[in-house]
Each structure stands twice: as structure tokens, then as C-alpha cells.
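First up is the structure itself, then whatever we jot down about it.
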Amino acid sequence: FDPRHYLGTHCYGFPKTGPHRLRFLLESVKDLRETLKKKGSTLVVRKGKPEDVVRDLISQLGSVSALAFHEEVREI
């Protein structure tokens with residue numbers, strides 16, 4: 001979870017993620033974790049700036065052969 005998604009936007013100052021969306025995200029992550037656990041897997045969840053968190057995870061894991069990501073579309 002990127003803390004910057006819970007700050008005001010640059011246009012109108014409204015939070016990018018309000019309380020209802022946050023509740024939906026948390027419930028979705030919880031459900032995904034439970035589903036993966038039933039299949040013998042797990043889900044890593046971290047809070048922080050992705051550029052820091054991903055770097056730290058790669059360092060902790062040691063052997064990473066691929067990384068996939070998407071970039072958020074920004075309004076102009």
C-alpha cells in the first residue's frame with residue numbers, strides 16, 4: 001500500500017482513496033490472501049513507497065529473475 005494514495009490529489013485536494021474504497025481494497029486483499037493460502041501459496045503485503053518496498057523485497061529474497069509492474073495513468 002503506497003501511502004501517497006491516501007493523500008489529497010493535486011487537482012482538488014480530495015483523497016485518491018477514501019474510506020469506502022480503502023475498505024474494499026482491504027477486504028479484497030484479505031480474500032486474495034485466504035484464497036492463495038488454500039492453494040498452498042501466500043501473499044506479501046507491504047506499506048510504503050513501491051520504489052523502496054520492491055527494492056527491499058528483492059534484496060531480502062536474493063534471487064529474483066523477473067519483475068512486472070504497471071504505471072498509473074496520470075491526468076494532464
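The values are calculated or read from the model by the stated rules, or taken from the named source; none is laboratory data. These figures come from a predicted structure and were not determined experimentally. Glycine gets a Cβ as well: all are built from the backbone with ideal geometry, and neighbour counts include every protein chain shown. These accessible areas exclude ligands, DNA and RNA; they are computed on the full protein's heavy atoms, side chains included. Shrake-Rupley method; radii C 1.70, N 1.55, O 1.52, S 1.80 Å.
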So how strong a dipole does the chain carry about its Cα centre when Lys and Arg Cβ are +1 and Asp and Glu Cβ are -1, to the nearest 20 debye?
-> 320 debye
Name the long-range amide H neighbours of D2: under 5 Å, sequence gap of 5 or more, or other chain; modelled H, no Pro or chain starts.
-> G48
Along the charge dipole of the chain, Cβ charges K/R +1 and D/E -1, which of G40, V53, S63 sits furthest on the positive end?
-> G40
Per the 1/(1 + (r/R0)^6) rule, R0 = 35 Å and r from the Cβ atoms of A68 and E27, FRET efficiency to 0.05 is 0.90
Most fluctuating residue of V64, V53, V45 in a GNM of the chain with Cα springs under 10 Å: which is it?
-> V64
Percent carbon-and-sulfur accessible area, the chain, ignoring ligands, DNA and RNA, probe 1.4 Å | 58 percent
Does anyone have the angle between helix 50-61 and the longest principal axis of the chain? Alpha-carbon axes, 0 to 90°, nearest 10?
-> 10 degrees
Read-out Rg and Dmax of the Cα atoms in Å, derived from the coordinates shown; its label in [x] 33.8, 116; [y] 15.2, 44; [z] 16.5, 47 = [y]
Length added when fully stretched, T35-L57, from 0.36 nm per residue minus Cα-Cα = 5.7 nm
Using only Cα atoms, find the angle between the long axis of helix 19-38 and the longest principal axis of the chain, and express it within 0 to 90 degrees, rounded to the nearest 10.
-> 10 degrees
